[in-house]
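Engineer: One structure coming up, written as structure tokens, with questions to follow.
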Amino acid sequence: MRVLVTVASRHGSTWEIGEAIGRTLRDHGLEADVLRPEEVATLDGYRAVVAGSAVYLGRWLDSARQLVKKHADTLATLPVWLFSSGPVGAPLRPAEEPAEAAALMSATGAQSHRLFPGKLDRHTLGLAEKTVTIALRAPDGDFRDWPAVHDWAADIASTLCADPTAERPRAPSGTAPTMPKAE
């Protein structure tokens, strides 16, 4: 079964989470392509999708939101899982789900949304990003939980391998899922 793992990442740490998810899916016998949203022209040939994004100021990156909007009709027919990466520190801040997580789940009909801790290295940030992290008192460090990423991806693989023919029915005409408006 061919699975798309599509990941929007600004500085690479969320991309690394996507690569780890792809490896775990492959370790479980699935064919997994890990692509940036800008590289996804079509969902043809994929039987499931895992989509993720870094979160800045409570929002997914624009490229990930645009992918969901562009492919909403097809995503509604496939098994979909979503993840976000961003909170840092101990305790994690911000601890809440991204503001648009519910809308993204609704638009895709996702099985679940998972929030993973992120990584913050001020040396990779632009001036505006540094200013925000200072204002939020966000600590530098790598807070990613690799066992949690692996376990979540293994659960996805188990679900897909248990019923490899699973496909959701299309939404009735006129009830297309909606995405939040881009600001």
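Engineer: Being closer than 25 Å to residue 146 by Cβ, of a type in the set (S, T, N, Q) and open to solvent by 20 Å² or more (accessible area, probe 1.4 Å) narrows it down to one of 63, 84, 53, so name that one.
Structural biologist: 63
Engineer: Return the residues of the stretch 27-38 that are within 24 Å of residue 115 (Cβ to Cβ) and not aliphatic (A, V, I, L, M); say none if nothing qualifies.
Structural biologist: 27, 28, 33, 36, 37, 38
Engineer: Got a number for residues in the stretch 7-60 being modelled with pLDDT of 95 or more, farther than 26 Å from residue 77 by Cβ and among the basic types (Lys, Arg)?
Structural biologist: 1
Engineer: Of all residues in the stretch 18-45, how many are assigned to a strand (DSSP E or B), open to solvent by less than 50 Å² (accessible area, probe 1.4 Å) and either within 15 Å of residue 8 (Cβ to Cβ) or not aliphatic (A, V, I, L, M) (or both)?
Structural biologist: Residues that pass the stated criteria total 3.
Engineer: Still on this model: Within the stretch 16-55, work out how many residues are acidic (Asp, Glu) and touching a helix residue (DSSP H, G or I) at 6+ places or on another chain (Cβ under 9 Å).
Structural biologist: Looking only at that region, the number is 5.
The values are calculated or read from the model by the stated rules, or taken from the named source; none is laboratory data. Computed from a predicted model, the values in this text were never measured in an experiment. Ideal geometry is used to build each Cβ from the backbone, glycine not excepted, and the neighbour counts take in all protein chains shown. Side chains are part of the model used for accessible areas, which takes the heavy atoms of the whole protein and leaves out ligands, DNA and RNA. Shrake-Rupley method; radii C 1.70, N 1.55, O 1.52, S 1.80 Å.
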